[in-house]
Structures are given as structure tokens and as C-alpha cells.
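The values are calculated or read from the model by the stated rules, or taken from the named source; none is laboratory data. The structure displayed is predicted, hence computed values, not measured ones. Here the Cβ positions follow ideal geometry from the backbone for every residue, glycine too, while neighbour counts run over all protein chains shown.
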């Protein structure tokens, strides 16, 4: 079979001396910066300054990366925890520059960082999470292209020549065959989710909507793609079983949607206006106290 250009990509973007920089890390960083830019604009609606939003990301991102790496290492513990466990093995364990981050573990780490920030800056945690979490979807859309360069996160083999074209399928060089481009499918679905969640936030006034909508959408997408996902190295998936992973994702999604419906019904019963056709008005800016000078006698 002839090699397709999608099978000729390399995970390394460039090298500086002996240090190699992977496309995965570059794209993840770009996704985070775009998410930050969106959040700076969105946090103005609750009167939070851009410098404080930057501080939020400086706390959340390292914690998210640590948790995401921990999830990847635990999922592939047989690869990382070798015997003897020497210095080289330790470096391999923490080598995020070589790729290997698990989003489902990273998000709780970021949320924990956000909770700490909210306590310090005295910001309503749920309101802040409503603003931040939907933007994680756009970061994931960009980050998924790192899987493209790594030749990973693909689906089942595509044997029909009429379907062997990108982005429907991708040529995997190590396998010498075409496979479903599930990384691309997930990226498209998460982009749709991002647009939908942004729309809902500006038109539907339910506290907690953004916080609950993110796991609802992500788990729905992840659970659906699990039917075709080809990930033989995922130890946790093997331990839980194929059907258990799908059930777990759908269960979380259903619970989140159920809570959103409950919050909406409760708000309606209290007489609260929920839907705003022309957009929810932002919170009024805090009144500035006028400085008075003491007259000198």
C-alpha cells in the first residue's frame, strides 16, 4: 500500500540541541492561550480584571498538567514503573515534553486550582467555572491535532478504498493501513459543543449551566466515540471493560443534564427569568467610592 501524506507526519516540530519540541506540546499550549484570551473577555461580565484571570490560569494550568500526566502514567503503569525504577525511568515518567496527557484527569486538577483561586480572590466558584469550563472544549479541539502528529487516537481499520481519504480516515504508518480519524471526529464535535455552550451562557441564566454542560457534552462525545476507538494500550479501559467505560461516560452525562433540568425548574418556580432572547445583561460594575480630601484648617 502506498504511503499517504497523513502517515508521513512527525511528532517533533523542531529541536534545539538535544532538546526536541513536540507538536503535541505546542498545540496544547496554543489551545490554552486561546482559552485564556476568551476567558479574559468573558470574565469582564462578572467584573474580574484580566490580570486576575491570568493568575487563575497560572494556578490552574500547572495543576491540570500534573493531574493529566498522572492519569496517563497510571493508565500505562506497566510501561513507566519498570524494575529497577532508576533515574532514567523517573525522567521518562515526568517527560511531558514527549507527549502523554489524559484530559479526563487534567480537568479535575484545573478545577481544584480554580477553587483555590476563587477562595483567595473571593469570586463565586460556580460563576467562574461557568465561564472557564466551556472554553476547555476549544482548547481540546486544538490539542487533538497533537494526536494527529503523534499518529494516535484513531478508530477502526478502514478497508473500503472509497472511504480512505482525510479527514474521514487517516493513514497510520506503523500499521501500514487506514483507520478512522477519531481525533478529528472528537475535535469537530467539541467545537460544536463549544459554540452551543457559549450560546446557552449568553441566553440562559441558570447558575451552574456552564459547569455542568461541559462534563455532560464531553462525556457524551467520549462515550459515543468509545464504540469505534482503537486504544489497545489503555490499561484502565481494559480493567473496566469496554461497556463499563461507555456506561460511565453516559451516566455522568445523564446526571449533569438531570441536574441542569432540576436547576431550571427550580428557578422557574421561584419566578426567575431564565431565557433572554437578546442576551443576559452583564453584572453592573461596582460603584467607585469617591475620594474626599480633608480640608486643612
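Conditions tested, residue by residue: (1) closer than 29 Å to residue 13 by Cα; (2) touching a helix residue (DSSP H, G or I) at 6+ places or on another chain (Cβ under 9 Å); (3) buried (at least 16 other Cβ atoms within 10 Å of the Cβ).
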{"position": "48", "(1), (2), (3)": "no, yes, yes"}
{"position": "59", "(1), (2), (3)": "yes, yes, yes"}
{"position": "69", "(1), (2), (3)": "yes, yes, yes"}
{"position": "91", "(1), (2), (3)": "yes, no, no"}
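Picking from 169, 173, which residue would you name as being in contact with a helix residue (DSSP H, G or I) (Cβ under 8 Å, 6 or more places away or on another chain) and buried (at least 21 other Cβ atoms within 10 Å of the Cβ)? Give the derivation first.
On the way: 173 fails: buried (at least 21 other Cβ atoms within 10 Å of the Cβ).
The unique qualifying residue is 169.
Output yes when any residue across the stretch 254-276 is under 29 Å from residue 226 (Cα atoms), touching a helix residue (DSSP H, G or I) at 6+ places or on another chain (Cβ under 9 Å), surrounded by 10 or more Cβ atoms within 10 Å (Cβ to Cβ) and at pLDDT below 90, and no when none is. Quick ask: steps written out before the conclusion?
We begin by selecting, within the stretch 254-276, every residue under 29 Å from residue 226 (Cα atoms); these are 254-262.
From what is left, the residues that are touching a helix residue (DSSP H, G or I) at 6+ places or on another chain (Cβ under 9 Å) are 254-257, 259-260.
Subset that is surrounded by 10 or more Cβ atoms within 10 Å (Cβ to Cβ): 254-257, 259-260.
Next, only the ones that are at pLDDT below 90 stay: none.
There is no residue in the stretch 254-276 that is under 29 Å from residue 226 (Cα atoms), touching a helix residue (DSSP H, G or I) at 6+ places or on another chain (Cβ under 9 Å), surrounded by 10 or more Cβ atoms within 10 Å (Cβ to Cβ) and at pLDDT below 90.
Given the stretch 63-179, what helices (runs of 4 or more DSSP H) lie entirely inside it while holding 3 or more residues that are over 25 Å from residue 226 (Cβ atoms)? Reasoning before the result, please.
Numbers: elements: 77-80, 87-94, 103-121, 125-150.
Hits in the stretch 63-179: 87-94, 103-121, 125-150.
So, residue 194, is that one in contact with a helix residue (DSSP H, G or I) (Cβ under 6 Å, 6 or more places away or on another chain), at pLDDT 90 or above and surrounded by fewer than 20 Cβ atoms within 10 Å (Cβ to Cβ) or not?
Values: in contact with a helix residue (DSSP H, G or I) (Cβ under 6 Å, 6 or more places away or on another chain): yes; at pLDDT 90 or above: yes; surrounded by fewer than 20 Cβ atoms within 10 Å (Cβ to Cβ): no.
So residue 194 does not fit the description; no.
If I ask for residues that are in contact with a strand residue (DSSP E or B) (Cβ under 6 Å, 6 or more places away or on another chain) and either in a helix (DSSP H, G or I) or more than 25 Å from residue 103 (Cβ to Cβ) (or both), which ones from the stretch 15-49 would you list?
Those that are in contact with a strand residue (DSSP E or B) (Cβ under 6 Å, 6 or more places away or on another chain) and either in a helix (DSSP H, G or I) or more than 25 Å from residue 103 (Cβ to Cβ) (or both): 23, 26.
How many residues, within the stretch 255-287, are part of a helix (DSSP H, G or I) and touching a residue at least 24 places away in the same chain (Cβ under 8 Å)? Break it down into steps so the answer makes sense when it comes.
Of the stretch 255-287, the ones part of a helix (DSSP H, G or I) are 255-269.
Imposing the further condition that a residue be touching a residue at least 24 places away in the same chain (Cβ under 8 Å) reduces the set to 256-257, 259-260, 263-264, 267.
Qualifying residue count, the stretch 255-287: 7.
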